[in-house]
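Visitor: Dropping a structure here in structure tokens format, bear with me for questions.
The values are calculated or read from the model by the stated rules, or taken from the named source; none is laboratory data. Keep in mind that what you see is a predicted model, and the values were worked out from it rather than measured. In this analysis, Cβ positions are derived from the backbone assuming ideal geometry, glycine residues included, and neighbour counts consider all displayed protein chains.
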Amino acid sequence: MAEKFDVCVVGSGPGGYVAAIRAAQLGKKTAIVEREALGGVCLNIGCIPSKAMITAGHFLQRMQHDAPTMGFQLPKEIKVDMKVLQDWKQSVCNKMSGGVAQLLKGNSVTVIMGEGTFTSPKSLSVKGKDGTKTIEATNFIIATGSRPIEIPGFTIDEKDVLSSTGVLALAEKVERICVIGGGYIGLEIGSYMRSFGSEVTVVEAASGLLNGLADPDCVQVVARKLKKSGVEVMLSAKAKGWKKAKGGLEVTVDVGGKEQLIKCDKILLTVGRKPNSDGAGLKNIGLEIDQKGFIKVNAQRRTNLPGVFAIGDVAGQPMLAHKASHEGVMVAEIIGGANRVYDAKTVPAVIFVDPEIASAGLMESECKAAGKTDLKIGKFPFGANGRAVSMMETDGFIKIIADAKTHVVYGVHIVGPEASNLISEAALAIEMGARLEDIALTIHPHPTLGETMMEAAEAAMGHAIHIIQRPLTSAKGASAST
Ligand code: NAI
């Protein structure tokens, strides 16, 4: 006998579980199907564990480099028990995943653990530990996520060639790691491994790190710091293959037509992720999938099949958890009768490197490509911010890009301390169509890193207080566009 639901969500990552909770809040009889762990990649083997490791790495670095300046007398070599670190990291994940379980239970969502396969657009067969059951639902929300891409010559075995999952689970220090791909994951993980003393070589095929993924000025700050910390970066370098060699592994890299060999103990492959659209019987039920493997959806995240929605990584770029959650809430509300469409002006993005990079809205190059050529750009350094100085975290800046005439903010790019927490103000500003004056005339508390945002807006208008800018002729000139 089939179990019947109003809504069945397939996949319990930040897209799926959020959709299920909202659907249940709206009074829908809701089920969620998960084959691995509640919370998906993000909570169990992605965002959360990597942030735990990054926090630990940052903490260690601060003990080594900043604490002595503040008068702390610590041993020269601070020992790290990697096993204890692993256990702590796992406890963080367990807490988060357990929290999702509680929320689902508290909202009366039926959790079904097992591998789901569609047998029709209205029916899903779930193979679990206790056998197979059939779920029928008026609406299905597909939130099956993504997985790492492999490239020729590199097959992830989680022994020699690791994905982020494998590397995050290591309970021992790796002496030498070769990171293939200088994008989001490669740099986040490469940076924290360097903090723990690994020799890190990053092999990036493009001519720059985080190529096209972040403001080039922000990337420069991070690239400089990576170099200072001892991370070896190879640009315009294509990883070709690897083999076991004496005392470890040897990766072959093509740099401008010339072969180079990198000796290492492990390889981390982070060359992008692909949508999980090839399983779950999705193709058998006639679901339309594009050439890149994303499920085709419209602005309401409806697929070509009535009553079947898709959200998150499987439904298109950007592959970011918060975009998935936003879609999850929206789709649940559409099923609940609301008339909503996806019309976010910006999906802020954060790269948890050192210092953090965060952005909302357009980069300069994107403004120009969109024909927005008359721009005002203001930049304010954290070095001139009292809170940053007192934190000993002065690398970086906030850059604001706005229309030169209307002062409407197009983009905000941050590299520096707490960029991840500071960017939400920028996202709000862009969503609200704010002008430079809206940010500059909002009183920001002192002493905080947030003042940097206010001063960057002032800088765009040519009159930041805490950096030297050309003198103003009159107060009227100071707010010329209003
Ligand atoms: P990515 O797309 O960020 O970077 C992949 C890099 O690999 C690119 O720079 C590419 O040029 C390079 N590459 C490709 N083939 C290569 C080869 N043969 N040799 C050398 N380099 C090569 O992909 P990544 O880091 O795997 O991350 C996947 C996705 O996960 C991201 O796009 C992001 O959406 C998400 N993510 C988000 C995070 C966050 O929000 N903080 C953190 C981690 C991942």
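Visitor: Can you tell me which of (1) buried (at least 19 other Cβ atoms within 10 Å of the Cβ); (2) in contact with a helix residue (DSSP H, G or I) (Cβ under 7 Å, 6 or more places away or on another chain) is the one ARG435 doesn't meet?
Guide: Exception for ARG435: condition (2).
Visitor: Only residues that are among the acidic types (Asp, Glu) and farther than 10 Å from MET363 by Cβ: list them for the range 201-216, please. Reasoning before the result, please.
Guide: Going through the range 201-216, the residues among the acidic types (Asp, Glu) turn out to be 204, 215.
GLU204, the sole residue that qualifies.
Visitor: GLU259: buried (at least 16 other Cβ atoms within 10 Å of the Cβ) and at pLDDT 95 or above, yes or no?
Guide: So GLU259 does not fit the description; no.
Visitor: A further question follows. Test VAL271 against the stated conditions and say whether it is part of a loop (DSSP other than H, G, I, E, B) and either within 12 Å of the ligand (Cβ to nearest atom) or within 23 Å of MET82 (Cα to Cα) (or both).
Guide: Numbers: part of a loop (DSSP other than H, G, I, E, B): yes; either within 12 Å of the ligand (Cβ to nearest atom) or within 23 Å of MET82 (Cα to Cα) (or both): yes.
Yes; evaluated as a whole, the condition is true for this residue.
Visitor: Separate question: Look through the range 241-253, keep the residues that are closer than 18 Å to VAL271 by Cα and crowded, with 16+ Cβ neighbours inside 10 Å, and return whichever of them is farthest from the ligand (Cβ to nearest atom). Outline the logic, then answer.
Guide: From the range 241-253, those closer than 18 Å to VAL271 by Cα are 241-242, 251-253; that's our starting set.
Narrowing the set further to residues that are crowded, with 16+ Cβ neighbours inside 10 Å leaves 242, 251, 253.
Details: TRP242: 12, VAL251: 10, VAL253: 8 Å.
Across the range 241-253, the extreme among qualifying residues is TRP242.
Visitor: Separate question: Mind listing whichever residues of the range 185-207 are more than 8 Å from the ligand (Cβ to nearest atom), in contact with a Ser or Thr (Cβ under 9 Å, 6 or more places away or on another chain) and either more than 19 Å from PRO49 (Cβ to Cβ) or of a type in the set (Ser, Thr, Tyr) (or both)? So that I can check it myself, show each step before the final result.
Guide: Of the range 185-207, the ones more than 8 Å from the ligand (Cβ to nearest atom) are 189-202, 207.
Then drop every residue that is not in contact with a Ser or Thr (Cβ under 9 Å, 6 or more places away or on another chain), which leaves 189-192, 194-195, 200, 207.
Correct list: SER191, TYR192, SER195, SER207.
Visitor: Restricting attention to the range 208-218, and to residues there that are touching a His at 6+ places or on another chain (Cβ under 9 Å) and more than 12 Å from the ligand (Cβ to nearest atom), which single residue is nearest to VAL415 (Cα to Cα)? Spell out how you get there, then give the answer.
Guide: First pass over the range 208-218, keeping only residues touching a His at 6+ places or on another chain (Cβ under 9 Å): 214-215, 217-218.
If we keep only those that are more than 12 Å from the ligand (Cβ to nearest atom) too, we end up with 215, 217-218.
Numbers: ASP215: 9, ASP217: 9, CYS218: 5 Å.
Going through the qualifying residues, I end up with CYS218.
Visitor: Can you tell me which residues in the range 58-89 are touching a Pro at 6+ places or on another chain (Cβ under 8 Å) and closer than 18 Å to MET193 by Cβ? Working first, answer last.
Guide: Quick first cut of the range 58-89, residues touching a Pro at 6+ places or on another chain (Cβ under 8 Å) only: 74, 89.
Within the range 58-89, LYS89 is the sole residue that qualifies.
Visitor: Now a separate question. Checking the condition assigned by TED's automatic domain parsing to the domain that holds SER123 and farther than 17 Å from ILE185 by Cβ, which residue from VAL297, VAL221 passes? Explain how you work it out, then say what you get.
Guide: Working: VAL221 fails: assigned by TED's automatic domain parsing to the domain that holds SER123.
Unique residue meeting the criteria: VAL297.
Visitor: Within the range 297-335, track down each residue that is part of a helix (DSSP H, G or I), within 16 Å of the ligand (Cβ to nearest atom) and not aliphatic (A, V, I, L, M).
Guide: Of everything in the range 297-335, those that are part of a helix (DSSP H, G or I), within 16 Å of the ligand (Cβ to nearest atom) and not aliphatic (A, V, I, L, M) turn out to be GLY312, ASP313, HIS322, LYS323, SER325, HIS326, GLU327.
Visitor: Somewhere in the range 166-177, is a residue near the ligand (Cβ under 10 Å from one of its atoms), in contact (Cβ under 8 Å) with a residue 12 or more places away in the chain and under 25 Å from SER207 (Cβ atoms)?
Guide: To start, the set of residues in the range 166-177 that are near the ligand (Cβ under 10 Å from one of its atoms) comprises none.
Within the range 166-177, none of the residues are near the ligand (Cβ under 10 Å from one of its atoms), in contact (Cβ under 8 Å) with a residue 12 or more places away in the chain and under 25 Å from SER207 (Cβ atoms).
Visitor: Evaluate the following for PRO355: is it under 22 Å from ALA223 (Cβ atoms) and away from the ligand (no atom under 16 Å from the Cβ)? Show your work before the answer.
Guide: Details: under 22 Å from ALA223 (Cβ atoms): yes; away from the ligand (no atom under 16 Å from the Cβ): no.
When the stated conditions are applied, PRO355 does not pass them.
Visitor: Moving on. With in contact with a strand residue (DSSP E or B) (Cβ under 9 Å, 6 or more places away or on another chain) and closer than 22 Å to MET454 by Cβ as the only criterion, which of ILE351, ILE334, ILE398, ILE295 stands out?
Guide: Numbers: ILE351 fails: closer than 22 Å to MET454 by Cβ; ILE334 fails: closer than 22 Å to MET454 by Cβ; ILE295 fails: closer than 22 Å to MET454 by Cβ.
Selected residue: ILE398, the only one of ILE351, ILE334, ILE398, ILE295 that is in contact with a strand residue (DSSP E or B) (Cβ under 9 Å, 6 or more places away or on another chain) and closer than 22 Å to MET454 by Cβ.
Visitor: Of all residues in the range 63-86, which are among the basic types (Lys, Arg) and in contact (Cβ under 8 Å) with a residue 24 or more places away in the chain?
Guide: Applying the first criterion (among the basic types (Lys, Arg)) to the range 63-86 yields 76, 79, 83.
Within the range 63-86, LYS83 is the sole residue that qualifies.
Visitor: Please list, ordered by residue number, the helices (runs of 4 or more DSSP H) wholly in the range 1-105 having 1 or more residues that are over 26 Å from the mean Cα position of the chain (by Cα).
Guide: It comes to 16-25, 47-65.
Visitor: Tally the residues that are away from the ligand (no atom under 16 Å from the Cβ) and of a type outside the set (Lys, Arg), restricting the search to the range 123-165.
Guide: Result for the range 123-165: 19.
Conditions tested, residue by residue: (1) surrounded by 20 or more Cβ atoms within 10 Å (Cβ to Cβ); (2) touching a Ser or Thr at 6+ places or on another chain (Cβ under 8 Å).
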residue	(1), (2)
ARG22	yes, no
ALA31	yes, yes
LEU38	yes, yes
GLN61	no, yes
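Visitor: Being more than 12 Å from the ligand (Cβ to nearest atom) and not in a strand (DSSP E or B) narrows it down to one of LYS227, LYS263, so name that one.
Guide: Values: LYS263 fails: not in a strand (DSSP E or B).
Going through LYS227, LYS263 in turn, just one is more than 12 Å from the ligand (Cβ to nearest atom) and not in a strand (DSSP E or B): LYS227.
Visitor: Can you name every residue in the range 424-449 that is closer than 24 Å to ALA344 by Cα and among the polar types (S, T, N, Q)?
Guide: Of everything in the range 424-449, those that are closer than 24 Å to ALA344 by Cα and among the polar types (S, T, N, Q) turn out to be SER424, THR442.
Visitor: Continuing with the same structure: Note down all Cβ pairs under 6 Å where the first residue falls in the range 435-447 and is assigned to a loop (DSSP other than H, G, I, E, B), the second is modelled with pLDDT of 95 or more and buried (at least 16 other Cβ atoms within 10 Å of the Cβ), and they're at least six residues apart or on different chains.
Guide: Every condition considered, the pairs that remain are HIS444/GLY450; HIS444/GLU451; HIS444/MET454; PRO447/ARG387.
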